[in-house]
Each structure stands twice: as structure tokens, then as C-alpha cells.
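What follows is a single structure, written as C-alpha cells, with notes after it.
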Amino acid sequence: MLATLKTWARRLKRDGLALWFALRDPRTPWAVKALCWLVVAYALSPIDLIPDFIPVLGFVDDALLFPGLLCLALRLPPPDVLARCREQAERWMASGAARPRSRAGAWLITGGWAACIALAALWWLRRT
């Protein structure tokens with residue numbers, strides 16, 4: 001069972017990198033690039049959407065949200081582009097290169113939390 005989980009985790013990592021490469025491929029349609037950008041920005045962001053210290057909910061994004069979005073995003077690029085990008089991701093992982101990071105993802109998540117806090121503050125001020 002542990003080997004199956006390791007294989008699944010490695011595939012998730014490879015496919016996340018494959019989407020990162022698909023973003024740069026000119027044959028990927030712009031709408032697919034937009035979804036891929038959101039998934040990759042979230043996956044490579046150093047900040048979680050739901051912090052892990054929140055019981056149960058903190059791990060929902062890691063266990064369900066990211067794999068679900070990744071599965072959806074992997075269905076959309078043209079098959080030949082996806083196959084080529086998966087090969088590039090395999091080579092990247094085999095080379096031992098550093099994992100790419102997404103500052104845009106960090107800004108996106110930070111902005112989302114800031115907007116939620118601002119909306120909650122406005123709601124609270126209007127309520128009183």
C-alpha cells in the first residue's frame with residue numbers, strides 16, 4: 001500500500017510539473033492555460049489556501065482540492081502536448097533540479113484571504 005501511495009504522489013508531482021510546461025507551450029489553448037495557471041500557481045505556492053493547522057479542513061485542500069483540480073486540468077490540453085510535457089517533467093525530476101516556486105500563487109492566495117478579511121470586517125461594521 002505504501003508503494004502505491006508513493007507512486008500516486010510521484011505522479012501528482014510529475015503532472016503538476018507537466019502543467020507548468022503546458023503553460024509555456026504555444027499549442028495549448030488560452031482557456032486551458034488559464035486553468036493550468038491557477039492549478040500550478042496554487043500547487044507551487046508556499047502558502048496553503050486552508051492552513052494545515054486547522055483540524056481536518058487544513059488537509060482537505062491537499063488531499064482533495066489539488067488532486068481534483070489537477071485531474072480536471074489534465075483532461076483539457078491536447079494529448080500530444082500533454083505527452084510531451086509529461087516527458088519534460090520526468091526529465092526535470094530525474095535531473096534533481098530545484099522545484100519551481102510560484103510567487104503569483106502566493107499573491108493570489110494572500111489576496112484571497114485579505115479580501116475575505118476585508119469583506120468580513122465590512123459585514124461586521126455594517127451589522128453594528
Flagged in segment 88-104 as open to solvent by 100 Å² or more (accessible area, probe 1.4 Å) and modelled with pLDDT of 80 or more, in numbering order, are R91
G68 - would you say it is within 12 Å of the chain's Cα centre (by Cα), at negative phi and surrounded by fewer than 14 Cβ atoms within 10 Å (Cβ to Cβ)?
yes
Which numbered condition T28 fails, given (1) open to solvent by 70 Å² or more (accessible area, probe 1.4 Å); (2) within 24 Å of W107 (Cβ to Cβ)
(1)
Are there any pairs, at least 6 apart or on different chains, whose C-beta atoms fall under 8 Å, with the first in segment 105-117 and assigned to a helix (DSSP H, G or I) and surrounded by 10 or more Cβ atoms within 10 Å (Cβ to Cβ) and the second at pLDDT below 85 and charged (D, E, K, R), and if so, which?
I109/D48
Of the residues that make up segment 19-31, is at least one in a helix (DSSP H, G or I), of a type in the set (A, V, I, L, M), modelled with pLDDT of 85 or more and under 12 Å from the mean Cα position of the chain (by Cα)?
yes
All-but-one check, W8 against (1) buried (at least 16 other Cβ atoms within 10 Å of the Cβ); (2) more than 25 Å from W107 (Cβ to Cβ); (3) not hydroxyl-bearing (S, T, Y), failing number (1)
Among (1) farther than 17 Å from A83 by Cβ; (2) touching a helix residue (DSSP H, G or I) at 6+ places or on another chain (Cβ under 6 Å), there is one condition L17 misses while meeting the rest; what is its number?
(1)
The residue that is farthest from the chain's Cα centre (by Cα), considering only those in segment 32-41 that are hydrophobic (A, V, I, L, M, F, W, C) and surrounded by 14 or more Cβ atoms within 10 Å (Cβ to Cβ), is V32
Find all pairs meeting these conditions: Cβ atoms under 6 angstrom apart; at least six residues apart or on different chains; first residue within segment 50-77 and closer than 26 Å to A22 by Cβ and free of Cβ contacts under 8 Å to residues at least 40 places away in the same chain; second residue open to solvent by 60 Å² or more (accessible area, probe 1.4 Å) and in a loop (DSSP other than H, G, I, E, B).
D61/L49
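The values are calculated or read from the model by the stated rules, or taken from the named source; none is laboratory data. Predicted model, so just to flag it, every value in this text is computed and none were measured. Every residue, glycine among them, receives a Cβ derived from its backbone with ideal geometry; neighbour counts consider all protein chains shown. The accessibility values were calculated without ligands, DNA or RNA, using every heavy atom of the protein model including side chains. Shrake-Rupley method; radii C 1.70, N 1.55, O 1.52, S 1.80 Å.
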